[in-house]
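Structure record follows, encoded as structure tokens.
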Amino acid sequence: SHDIVGIVRKKLHTKKVGHCGTLDPDATGVLVVCVNKATKAIQFLMSDTKVYRATLSLGKSTDTYDASGKILEEKEVGQISKAQVIDVLNSFLGKSKQKPPIYSAIKVNGKKLYEYARNGEEVEIKERDIEIMMIELIDFSNNEIVFDVKCSKGTYIRSLCVDIAKKLGYPGHMSHLERRQAGRFLITDCITLEQLENDDYSLHSIDDALCGFPQLKLDDPTPVYHGKQIKSDLTGQVAIYDNQNHLLAIYESTGQGYLKNVRGLW
């Protein structure tokens, strides 16, 4: 993902480029990249839900939870019914706790987890709150389970694959992953690196990227420019627009009948 940011910086001749959620090195699919002023919106796009298509291979576990890792355990896979697989997948729906993989970029005491792993050092990995909004079996054959999943920010599909395999009674690892959606952006909205290189692309506006937020239009945008609170009964985060439909800022509810400024985007 960092390499992609570097490629975009070079192509568009700007240092102000950032992405909205890392893709594992072996994964493919949607990577939302913000350029110039849009980098101000990264914090709001990072929290968007994601949709993935994952392939879980049963019978082998690895230290990285994916196909690139060292094999830790092997077990011959017996008879598993499609109904069993669907029941196990459905058991992960809703809010739960998840333990991230040791080979991840999460920092503990200022050091990334994968650095502990590479140095053979012990480290306590705390579980994190996640939510699975949708999980659906796509295919099941030859000890491989292909499924789609819609999940909250911070969900590790590698860990989910390992946990599904354990519930089925086998070691397992994620053998393929494709991010099919990030927030409102679908894989069909994406361009390839080849298209970028050949100038076959167009940029989305910040207004377009944040169109899913509740909206409030102001005839007089002066309070926004001064970072002042706005009287409103809207809750959560709200996109503030002027009367020309230009996005000015993201505000959020104070819980006391007002919205306060989170980030100016004009």
K97 and Q256 label points (each 7 Å along its Cα→Cβ direction) are spaced in nm at 3.5
One checks the Cα atoms of the chain and finds Rg and Dmax, in Å, of 21.4, 68
The stretch 188-225 scanned against label point 7 Å out from L12 along Cα→C-beta; backbone N under 18 Å for 189-211
Square roots of five times the C-alpha gyration tensor eigenvalues of the stretch 133-266, ordered largest first and given in whole Å, equal 41, 22, 11
Along the dipole axis of the chain (charges at Cβ: +1 for Lys and Arg, -1 for Asp and Glu; origin at the Cα centre), the most positive-end residue among S202, L58, L216 is L216
Candidate cut points under trypsin sites (Lys or Arg not before Pro) in the stretch 1-105, DSSP loop plus at most 15 other Cβ atoms within 10 Å of their own Cβ, are K15, K16, K70, K75
Once normalised by the length of the chain, the mean sequence separation of its alpha carbon contacts under 8 Å that are 6 or more apart gives a contact order in percent of 20
Under the 7 Å Cα-to-Cβ spin-label approximation, M46 and H226 lie apart by a distance in nanometres of 3.1
Quick calc of log₁₀ I(q)/I(0), the stretch 208-266, Debye, one scatterer on every Cα, no solvent, q values 0.18 1/Å, result -0.51
Listed by chain and number, the lysines with an alpha carbon less than 21 angstrom from that of K107, same-chain partners under 8 positions apart left out, are K97, K99, K126, K153
Place a point 7 Å from the Cα of H204 in the direction of its beta carbon; the residues of the stretch 154-197 whose amide N falls under 12 Å from it are 181-191
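Out of every Cα pair in the stretch 130-175, what percent are spaced more than 16 Å from each other?
For the stretch 130-175, the fraction of Cα-Cα distances above 16 Å is 38 percent.
How large is the dipole of the stretch 173-233 about the Cα centre if only Lys and Arg carry +1 and Asp and Glu carry -1, each at its Cβ, rounded to the nearest 20 debye? Kindly include the intermediate steps, with their values, before the conclusion.
Details: 6 positive and 11 negative charges, 98 e Å.
For the stretch 173-233, the charge dipole is close to 460 debye.
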Computed over the stretch 111-165, the relative contact order (Cα-Cα under 8 Å, seq sep at least six) in percent reads 26
Rounded to the nearest 10 Å², the accessible area of D199 using a 1.4 Å probe with every protein chain kept is 100
Computed for the chain: size of charge dipole around the Cα centre, +1 on C-beta of each Lys and Arg, -1 on C-beta of each Asp and Glu, debye to nearest 20, value 820
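Summing -39500 (n - 2.57) over the DSSP H runs of n ≥ 4 in the chain and dividing by its residue number, what mean residue ellipticity at 222 nm do you reach, to the nearest 500 deg cm²/dmol?
Working: 8 runs with 55 residues, N = 266.
Taken over the chain, the calculation gives -5000 deg cm²/dmol.
Which FRET efficiency value, to the nearest 0.05, is calculated for K166 and L216 with the Förster distance at 41 angstrom and r the Cβ-Cβ distance?
Working: r = 47 Å, r/R0 = 1.14.
That pair, K166 with L216, gives E of 0.30.
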Inter-part gap, Cα centre of the stretch 58-97 to Cα centre of the stretch 183-216, in whole angstrom, is 34
Taking a ≥ b ≥ c as the square roots of the eigenvalues of the Cα gyration tensor, with a/c under 1.5 meaning rounded and otherwise prolate when a/b exceeds b/c and oblate if not, the stretch 1-87 is prolate
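The values are calculated or read from the model by the stated rules, or taken from the named source; none is laboratory data. All figures in this text were calculated on a predicted structure; none of them were measured in a lab. Positions of Cβ are backbone-derived with ideal geometry, glycine not excepted, and every protein chain shown enters the neighbour counts. For the accessible areas, the whole protein counts, side chains as well, though only heavy atoms, and no ligand, DNA or RNA atoms are used. Shrake-Rupley method; radii C 1.70, N 1.55, O 1.52, S 1.80 Å.
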